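Report on one structure; see the data block that follows.
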Amino acid sequence: MKKHILCFTIVVLFFTQVSKGQTFTMPLDTVFSYVSATGTASILDDITNISTKTININWKVSGTTFPPDWLTPAAFGICDNSICRYNSDDMQLWNDTTNKGKGFTTNPIQPDSTANFSLSMDLSLATSLGTYSVNITLADPASFSPFKTVTFILDKTPAGVSVIKSQDDITLYPNPANDNVNVFFNADSKVKNIAIYNIIGKVMAVYRVTANNSANLNVENIPSGIYFVRFLNSYGSVVATRKFTKQ
């Protein structure tokens, strides 16, 4: 039996912006966790009351791409400051047949205080591999501010599929890749463009970076082979180079 090592990397994709009339904030709009082997994870995205009154937040799962073995009561759970709820028949965080989830309410959150909110996953018995997400909508029913959607993205890859993480904080996965390559990098590197070259130096694709620390590269139309990824700053200088295999 192979020995598995569990590794999680949390990466900020987008920062929360405060809307007029909003009574609460959360650190992240999108949270990514890479799971390199079977194991558990508790991924935090706490709720902070920024108003002058006590609030209760209504929340529910509004959509997910999780496979069935990620939706079992043993695998899928969400915790707030009231209780951790798991996807059992009586709680129904998400019903994959009806594409609906029940609504829940947090305990009161006092002004200028933070309450727990987290995704709780145990994939020790799950066999499905890949990148999947779950969307959760939250709202203060006593406020006129719009509801907020938080997305948790989990990637589980088999043993032998590597994630390249270097000293300059550049992460590239999956490798080998099929249709897409995800890259994360230090925002201080000021990457503006990403170019893919084949082994003889021909440019295969160029992508403009719109986020400050991440990008998704569509390589579906690139032939199978070995390629180099060059990260370029606003002056066109190469910040870093990485290699990946397209299957």
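Here is how the numbers come out for the structure above:
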{"read-out": "Tabulated pairs, the range 131-156, first farther than 22 Å from N107 by Cα and in contact (Cβ under 8 Å) with a residue 60 or more places away in the chain, second assigned to a strand (DSSP E or B) and among the basic types (K, R), C-beta under 9 angstrom, 6+ apart or interchain", "value": "Y132/K156"}
{"read-out": "Output for the range 72-100, where each listed residue is under 19 Å from the mean Cα position of the chain (by Cα) and either part of a strand (DSSP E or B) or surrounded by fewer than 19 Cβ atoms within 10 Å (Cβ to Cβ) (or both)", "value": "F76, G77, I78, C79"}
{"read-out": "Members of the range 101-125 found to be in a strand (DSSP E or B) and among the β-branched types (V, I, T), listed by number", "value": "T105, I109, T114"}
{"read-out": "The range 196-247, residues that are aromatic (F, W, Y) and either in a loop (DSSP other than H, G, I, E, B) or touching a Cys at 6+ places or on another chain (Cβ under 8 Å) (or both)", "value": "Y235"}
{"read-out": "From the options T97, T105, residue that is more than 25 Å from T23 (Cα to Cα), of a type in the set (S, T, N, Q) and in the same structural domain as P27 (by TED's automatic domain parsing)", "value": "T97"}
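Here is a yes/no grid of residues against (1) on the phi > 0 side of the Ramachandran plot; (2) small (G, A, S); (3) without any contact (Cβ under 8 Å) to a residue 12 or more places away in the chain:
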{"site": "K202", "(1), (2), (3)": "no, no, yes"}
{"site": "V219", "(1), (2), (3)": "no, no, no"}
{"site": "S234", "(1), (2), (3)": "no, yes, no"}
{"site": "V239", "(1), (2), (3)": "no, no, no"}
{"site": "K243", "(1), (2), (3)": "no, no, no"}
{"site": "K246", "(1), (2), (3)": "no, no, no"}
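For (1) among the hydroxyl-bearing types (S, T, Y); (2) at pLDDT below 90, each residue gets a yes or a no:
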site	(1), (2)
F117	no, no
S133	yes, yes
L138	no, no
F147	no, yes
V161	no, yes
T171	yes, yes
V183	no, yes
N186	no, yes
G201	no, yes
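The values are calculated or read from the model by the stated rules, or taken from the named source; none is laboratory data. Note that this is a predicted model, so its numbers are computed, not measured. Because the Cβ atoms are built from the backbone with ideal geometry, glycine has one as well, and the counts that use them run over all protein chains shown.
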